[in-house]
Amino acid sequence: MPIDISRFHESFFDEVAEHLATIERIALALDADPHADAETYDELFRAAHSIKGASGIFGFAEMAEATHALEALLDALRNGAIEPTSDVIAAILEAHDELRALLAAYRSHEPANADALHHLRVRLEATRTGANARAPVRERRLIVRVRTARRDHERAATLASIRDALGAIARVEEIADDGETWRASVVGAHAAERLREILLFATDDHDRVDVEEAAEAAPEPKPLDASAFGFFDDDETAATTAPPTEHRSTAPTARARGENAEGSSIRVDVKKVDQLIDLVGEMLIAQAALQSSLAELDEVRHQELLSAAERLSRYTRDVREAVMGVRMLPIGSIFARFHRLVRDTARDLGKSVTLQTGGDDTELDKGLLESVIDPLTHLVRNAIDHGIESPDERIAAGKPAAGTIALRAYERSGNVYIEIADDGRGIDRDRVMARARDAGIALSDDPSDDEIFGCIFLPGFSTAASVTELSGRGVGMDVVRRNLAAIGGHVDVESAAGAGTTIRLRLPLTLAILDGLSVRVGDETMILPIASVRESIVLSASDVHVAADRPFIAYRDTTLPLIFMSDDARTSDGEHVALVVEHDRLAGGLVVDAIEGQHQVVIKSLEANFRRVEGYSGATVLGNGRVALILDVNAILTSGSFGHEAVPKAS
Amino acid sequence: MKTILTVDDSPSVRQMVSYTVRSAGYDVIEAKDGAEALELAQGRSFDMVLTDQNMPRLDGFGLIGQLRNDPRFSATPIIMLTTEASDEMKARGKAVRATGWMVKPFDPDTLLAVIQRLIG
């Protein structure tokens, strides 16, 4: 009877990923403090051992072989045969990286990189035996492909900066350009992922960059030893065989461990959760429709019906909260990966940096979590590169030689905040001001810190004295801000010269539901995100001034450009309602016909259901079944011309 | 129906063993390490035990040693699934009175052949 075991592959892959995370976590902990207990060394060994055992059973021979070599090294480590020197830790981390790449290859049914695995085995073996602890640096050939929406000299400039970025870290060997796709073959020690990260700094949304490992010869499948079994009754083993070797580990203990939560959790496909969220969205819409029909009923005569509807409404809200909760993941899961990034980046730059994390349990929607990884990576790199001084400089400034970067997360009033704080040199106010003047950026006479530090988020702005491999290419912080804005987030900076910089990201709790203000514009209802509305003001026609064909009003001690959302609002002589909206440092008054109310709305993507429409970030279905567009305040404020034409019209 | 206890800290291996054994008409109880297996064994007996060696909390040798101390399990076939068939392993397996050993990786058919030979 043939038994198909491929059905367990997914489960096996997840398991390997968990063991790899364990290996990386412990290796990094040992790097910081090698005085770990036997239990820790055991756990490290067992992670590799488990991968080996399972990969053999499921027929993943390359992984079984590679983990066999890693297991031997970890066994020597727990037996005390070798010490956790930085070389040993580096070998373990390299094994982790290669195994992770191999896992990714398995998952996507791609061939394993036999060459890399061979080098890994050589290195692990050498590290264990101490023969030649340094395996030769393996060079890989990567193919970089760039397609860009830019034309002519802009395209050439982008390609040149990409070429420079690549040239700084690797040999660029062949370049081919058919005017559509630019293709380069690059040889160096860096992994594809690393190259992709570096190119983030030279590109933005206009450019599409693909980096992939050049195809290698398919590995020869190597059969594993035939399986064997035996029984002790009929077996030849003499009782005189060598006694078990002394292990660093103590006898197996029955110490209960909290970390194995396997029995109380299940794995669920994210698609199933998303389907639930969609259904809850529909339920909220139906609920709102029900609510508005019931509102017309006589309260006394239909008391029971109304109170049942009230309970239903409450449970609907609870169900929504609970379902959204399923998608929430602790941010610690992404903080953990920064230990590695900080270690590697600091070492590349000859700096000493300790990473602290706080608020690891703070939960964030899975989708949001994924979209903050890139901005966070960029900010942490920046902090190490520009914030933290070299050990000599730090000592001269009376600081400890090792710098500290703290990643902290916390939840406050419906938002999640993530802070990246360093104790480095701080942002040089005067230099930013000088740079801003050179770049023709208008600053007020006595600019506030907010105003000055805000400049670093403008496109093309950089004060970096040296262009390093990592950052300071003058693109970056604006990308961070744009990425955050795209998910409804916000970024601000605090910095004190000599004492350090804190960058604070503010994120919504979820991407799927928005606290909205519904407003009437002509015959349409539109939704404004409440987070971007500062206040509403009532205007009479005489309050509105016009300069250079642009309407504005006096607002507090400044002026506020007005955006008329409909012709009615523009032409009527009566009173208007203007909503003061702000995004980043821009503000404007949106003049609407009326404010209808406040709702939680379920965001439906326009791209997915219709097409992208400038000025709107999405749509929602109202209780009465009609569709309302959600205004994209950022797009409206930055469209440049606060005129009638620039405004999305209700149609 | 005969019941087999399978003990392994790897969920995918456990699932695979269970599936294989179940498809041959046996009933299966799973435990994720030796300690959990011992707890399960407090309340009931099994016709056969398949256990991994290297596990957190209590490993395969420890589990077999303790099971053999219990009269109910003194004659139960217990197979140790191990990644290496070294002399050391065999000596330790014999010392705790395991019935036999099987080297990982094994294929499902070999596993069934071993089970059928021991408990039919």
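The values are calculated or read from the model by the stated rules, or taken from the named source; none is laboratory data. Since the structure is predicted, the reported quantities are computational estimates derived from the model, not experimental observations. No Cβ is skipped: glycine too gets one built from the backbone with ideal geometry, and neighbour counts run over all protein chains shown.
Inspect all residues belonging to region B:109-117 and state whether any of them is of a type in the set (A, V, I, L, M, F, W, C) and either within 20 Å of A:His49 (Cα to Cα) or touching a Pro at 6+ places or on another chain (Cβ under 8 Å) (or both). Show your work before the answer.
The initial filter retains those residues of region B:109-117 that are of a type in the set (A, V, I, L, M, F, W, C), namely B:111-115.
Remaining after also requiring either within 20 Å of A:His49 (Cα to Cα) or touching a Pro at 6+ places or on another chain (Cβ under 8 Å) (or both): none.
Looking through region B:109-117, none of the residues is of a type in the set (A, V, I, L, M, F, W, C) and either within 20 Å of A:His49 (Cα to Cα) or touching a Pro at 6+ places or on another chain (Cβ under 8 Å) (or both).
Yes or no, residue by residue, for (1) in contact with a strand residue (DSSP E or B) (Cβ under 6 Å, 6 or more places away or on another chain); (2) more than 30 Å from A:Leu200 (Cα to Cα); (3) outside any strand (DSSP E or B):
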| site | (1), (2), (3) |
| --- | --- |
| A:Asn483 | no, no, yes |
| A:Val491 | yes, no, no |
| A:Arg506 | yes, no, no |
| A:Ser542 | no, yes, yes |
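Which of the numbered conditions does A:Leu73 fail, given that it passes all the others? Conditions: (1) at the interface with chain B (Cβ under 8 Å from one of its Cβ atoms); (2) crowded, with 21+ Cβ neighbours inside 10 Å.
Exception for A:Leu73: condition (1).
Looking at the structure I just gave you, is A:Ile82 closer than 30 Å to A:Pro34 by Cβ and at pLDDT 90 or above? Steps first, answer last, please.
Working: closer than 30 Å to A:Pro34 by Cβ: yes; at pLDDT 90 or above: no.
Criteria not met by A:Ile82.
Can you spot a residue in region A:590-607 that is assigned by TED's automatic domain parsing to the domain that holds A:Ala554, in contact (Cβ under 8 Å) with a residue 12 or more places away in the chain, assigned to a loop (DSSP other than H, G, I, E, B) and buried (at least 17 other Cβ atoms within 10 Å of the Cβ)?
Taking region A:590-607 and keeping what is assigned by TED's automatic domain parsing to the domain that holds A:Ala554, we get A:590-607.
Keeping just the survivors that are in contact (Cβ under 8 Å) with a residue 12 or more places away in the chain gives A:590-606.
Restricting the remaining residues to those that are assigned to a loop (DSSP other than H, G, I, E, B) gives A:593, A:603, A:605.
Right, trim to buried (at least 17 other Cβ atoms within 10 Å of the Cβ) and you get A:593, A:603.
Yes, region A:590-607 contains a residue that is assigned by TED's automatic domain parsing to the domain that holds A:Ala554, in contact (Cβ under 8 Å) with a residue 12 or more places away in the chain, assigned to a loop (DSSP other than H, G, I, E, B) and buried (at least 17 other Cβ atoms within 10 Å of the Cβ).
If A:Ala101 meets every condition in (1) under 25 Å from the mean Cα position of the chain (by Cα); (2) crowded, with 17+ Cβ neighbours inside 10 Å; (3) over 23 Å from A:Glu18 (Cβ atoms) apart from one, which number is that one?
Condition not satisfied by A:Ala101: (3).
Tell me, please, whether a residue that is part of a strand (DSSP E or B), of a type in the set (Val, Ile, Thr) and surrounded by fewer than 20 Cβ atoms within 10 Å (Cβ to Cβ) can be found in region A:357-369.
Filtering region A:357-369 for residues part of a strand (DSSP E or B) gives A:357-358, A:363-365.
Next, from what is left, pick out any that are of a type in the set (Val, Ile, Thr): A:357.
If we keep only those that are surrounded by fewer than 20 Cβ atoms within 10 Å (Cβ to Cβ) too, we end up with A:357.
Yes, there is a match, as at least one residue in region A:357-369 is part of a strand (DSSP E or B), of a type in the set (Val, Ile, Thr) and surrounded by fewer than 20 Cβ atoms within 10 Å (Cβ to Cβ).
For residues in region A:261-307 being of a type in the set (Val, Ile, Thr), modelled with pLDDT of 80 or more and in a helix (DSSP H, G or I), which is nearest to A:Glu10 (Cα to Cα)?
Kept after step one, since they are of a type in the set (Val, Ile, Thr), are these residues of region A:261-307: A:266, A:268, A:270, A:273, A:277, A:280, A:285, A:300.
When the remaining residues are screened for being modelled with pLDDT of 80 or more, the result is A:273, A:277, A:280, A:300.
Checking the rest, the ones that are also in a helix (DSSP H, G or I) come to A:273, A:277, A:280.
On the way: A:Val273: 18, A:Ile277: 24, A:Val280: 28 Å.
For region A:261-307, the residue satisfying everything is A:Val273.
Give the residues of region B:75-98 that are over 20 Å from B:Arg14 (Cβ atoms) and within 7 Å of chain A (Cβ to nearest Cβ), sorted by residue number.
Hits for region B:75-98 are B:Ala85, B:Asp87, B:Glu88, B:Lys90, B:Ala91, B:Arg92, B:Gly93, B:Lys94.
What pairs come up if the first residue lies in region A:180-203 and is assigned by TED's automatic domain parsing to the domain that holds A:Ala157 and closer than 26 Å to A:Glu154 by Cβ, the second is part of a loop (DSSP other than H, G, I, E, B) and β-branched (Val, Ile, Thr), and their beta carbons are under 6 Å apart, counting only those six or more places apart or on different chains?
A:Phe201/A:Val475
Collect the residues in region B:13-48 that are free of Cβ contacts under 8 Å to residues at least 60 places away in the same chain, more than 25 Å from A:His19 (Cβ to Cβ) and of a type outside the set (Ser, Thr, Tyr), keeping them in residue-number order.
B:Arg22, B:Gly25, B:Asp27, B:Ala41, B:Gln42, B:Gly43, B:Arg44, B:Phe46
Of the residues A:Arg121, A:Arg46, A:Arg145, which single one is away from chain B (no Cβ under 13 Å), over 30 Å from the mean Cα position of the chain (by Cα) and at pLDDT 85 or above?
Numbers: A:Arg46 fails: away from chain B (no Cβ under 13 Å); A:Arg145 fails: over 30 Å from the mean Cα position of the chain (by Cα).
Within the list A:Arg121, A:Arg46, A:Arg145, the selection yields A:Arg121.
From A:Glu24, A:Glu18, grab the single residue that is without any contact (Cβ under 8 Å) to a residue 24 or more places away in the chain and not aromatic (Phe, Trp, Tyr).
Values: A:Glu24 fails: without any contact (Cβ under 8 Å) to a residue 24 or more places away in the chain.
Checking each option against the conditions leaves just A:Glu18.
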